[in-house]
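Have a look at the structure below, then the notes.
The values are calculated or read from the model by the stated rules, or taken from the named source; none is laboratory data. Note that the structure is a prediction, hence the values are computed from the model and not measured. Glycine gets a Cβ as well: all are built from the backbone with ideal geometry, and neighbour counts include every protein chain shown.
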């Protein structure tokens with residue numbers, strides 16, 4: 001029972017911390033999570049489409065983008081002193097992913113993912129210029 005109470009205490013503390021974060025940080029977290037979800041969902045879509053959509057390098061880039069976006073969001077949620085550095089890497093990976101998806105922009109799904117990646121690039125570049133909040 002004690003570990004459950006400790007977990008509840010930690011959860012409450014994190015919720016208070018999240019409420020105190022700036023709107024820029026909250027928006028960046030949301031953009032990262034949206035990009036994460038889009039890239040993860042796009043993986044199965046691309047594998048089903050086949051051809052250039054299922055190219056190994058493209059799928060790996062989607063996996064990397066999804067993972068770094070989730071990691072970046074977590075670092076901001078946890079108020080890590082390193083979040084600005086993680087956001088910088090996230091912006092780089094998202095930009096590569098956007099450019100790669102834009103190579104198939106005749107496909108509306110790919111174009112939409114590229115747009116979400118670019119939104120994430122902008123937010124993360126902004127966050128990477130900030131120090132710990």
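Entry remark, the stretch 96-110: residues being surrounded by fewer than 18 Cβ atoms within 10 Å (Cβ to Cβ) and in contact with a helix residue (DSSP H, G or I) (Cβ under 9 Å, 6 or more places away or on another chain) number 7 in total.
A quick yes/no check of all residues on (1) under 21 Å from residue 123 (Cα atoms); (2) more than 21 Å from the chain's Cα centre (by Cα); (3) assigned to a helix (DSSP H, G or I); (4) modelled with pLDDT of 95 or more:
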| position | (1), (2), (3), (4) |
| --- | --- |
| 16 | no, yes, yes, no |
| 21 | yes, no, no, no |
| 37 | yes, no, yes, yes |
| 87 | yes, no, yes, yes |
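Would you check if there is a residue in the stretch 64-81 being within 11 Å of the chain's Cα centre (by Cα), farther than 15 Å from residue 33 by Cβ and either modelled with pLDDT of 95 or more or surrounded by fewer than 17 Cβ atoms within 10 Å (Cβ to Cβ) (or both)? Checked the stretch 64-81: at least one residue is within 11 Å of the chain's Cα centre (by Cα), farther than 15 Å from residue 33 by Cβ and either modelled with pLDDT of 95 or more or surrounded by fewer than 17 Cβ atoms within 10 Å (Cβ to Cβ) (or both). For the stretch 43-52, the condition holds for no residue, the condition being that it is farther than 17 Å from residue 100 by Cβ, modelled with pLDDT under 95 and more than 13 Å from the chain's Cα centre (by Cα).
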